[in-house]
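Everything on this sheet refers to the single structure shown next.
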Amino acid sequence: MNTDFAEINGARFHYQLAGGGHPLVFVHAGIADGRMWNEQFHIFAQSHRVLRYDRRGFGQTPMISGPYSDHHDLYALLRFLDIERAHLVGCSQGAKTIVDFALEHPEMASALVLVAPALSGFAYTGTAPRQAAQLDFAEEAGDLELVNELELQVWVDGPHRSPDQVDRALRERVREMNRIALATPDNLGIEEPLEPPAAGRLGEVHAPALIITGDLDTPRTLAAADYLTTQIRGARQVHIDGVAHLPNMEKPAEFNHHVLGFLA
């Protein structure tokens, strides 16, 4: 395994590479960093050249001032590593990143695996999580530990479980990763979204696509997954029971089975 840093787009990105074969890139969720793929990284490296990295403001990649786009950063990192075409696996905000990337650089995306996906430009009209108001108060008060716990309840536990129904070690792993992201000052980094956004352009996605959801995830995520499945030609969706927003961490063996089968 090679662990290093790439100086690209004015920032310093932490990344890890392992294995050989067709390249495969893991892009993490907005409550995690590259470590969320611990149960996938070495297994997938047995058949692929695997890359994982920390996006700006996560893990060991610091946020800097000024505008940025996650899909532009992904492109620059792949160019830095001389990767011309890759399978792309993204969770939540990571899924949004790889869809945006595939729209801008279709020749570089050989397959998409969209896990608990977010989607740029997707309009959801349902109700907010029950923690939404308390989250607003905690953010205004600067209580980052409470913000962290509430975000764990929304995403790791999901709307149908209490914290004591979720593996404690898993919650603490995510809490540690999310704590780093929450510590980023609000005045650093200005994300520039894809224009026009992906939601109205999914007919342009031609890479094979697999959408993976957990049945205990938020209604917004499940709605976005259904929309992606119907709008990307040939896409298929699989459900993993008993998990919320991080199915690869809660049930790694089942997750790995689905993804490796799809890629094969």
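Quick note: the coordinates plus some simple rules give every number you see, no bench work behind them. Remember, it's a predicted structure, so these values are computed and weren't measured experimentally. Neighbour counts are summed over all protein chains in view; Cβ atoms, including those assigned to glycine, are modelled from backbone coordinates with ideal geometry.
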Amide H contacts under 5 Å for Gly214, restricted to residues at least 5 apart in sequence or on another chain and with H modeled in the peptide plane, are Ala116, Ile240
Determine the dipole magnitude for the stretch 60-109: charges of +1 sit on the beta-carbon of Lys and Arg, -1 on that of Asp and Glu, nothing else is charged, the reference point is the Cα centre, and the result goes in debye to the nearest 20. 100 debye
Quick check on the stretch 132-204: take the gyration tensor over C-alpha atoms, sort the square-rooted eigenvalues as a ≥ b ≥ c, and tell me if it's rounded (a/c under 1.5), prolate or oblate. oblate
Using +1 on the beta carbon of Lys and Arg, -1 on that of Asp and Glu, and nothing else charged, what's the dipole of the chain about the Cα centre, debye to 20? 680 debye
Relative contact order in percent for the chain (Cα pairs under 8 Å, 6+ apart) equals 20 percent
Determine ³J(HN,Hα), in whole Hz, for all residues of the stretch 233-242 in sequence, where each value follows from phi through the Karplus function 6.51 cos²θ - 1.76 cosθ + 1.60 and θ = phi - 60°; x replaces Gly and Pro. 4, x, 5, 10, 10, 10, 10, 10, 7, x
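Suppose R0 equals 51 Å; then what is the FRET efficiency for Glu140 and Ala264 from their Cβ-Cβ distance, rounded to the nearest 0.05?
Approximately 0.55, to the nearest 0.05.
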I'd like the Karplus ³J(HN,Hα) series for the stretch 39-49: coefficients 6.51, -1.76, 1.60, θ = phi - 60°, whole numbers in Hz, and an x wherever there's a Gly or Pro. 7, 10, 3, 6, 5, 6, 5, 6, 10, 9, 8
Calculated FRET efficiency for the pair Arg201/Gln237, C-beta based, R₀ 25 Å, to 0.05: 0.80
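Of the peptides 87-93, 118-124, 73-79, 21-27, how do they stack up when ordered by the mean number of other Cβ atoms within 10 Å, highest first?
With the highest mean Cβ count within 10 Å placed first, the list reads 87-93, 21-27, 73-79, 118-124.
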How about the stretch 175-249: which trypsin sites (Lys or Arg not before Pro) there lie in a loop by DSSP and see at most 13 other Cβ atoms within 10 Å? Arg233
Theoretical FRET efficiency, 1/(1+(r/R0)^6), r = Cβ-Cβ of His22 and His105, R0 22 Å, to 0.05: 0.85
Highest mean first, how do 158-171, 237-250 rank when packing is the count of other Cβ atoms within 10 Å averaged over residues? 237-250, 158-171
Enter the Cα centre distance for the pair the stretch 229-257 and the stretch 58-136, rounded to the nearest angstrom. 17 Å
Please report the net charge: other residues with Cβ closer than 10 Å to the Cβ of Pro62, K and R +1, D and E -1. +1
Classify the chain as rounded, prolate or oblate, taking a ≥ b ≥ c as the square roots of the eigenvalues of its Cα gyration tensor: rounded when a/c is under 1.5, otherwise prolate if a/b is larger than b/c and oblate if not. rounded
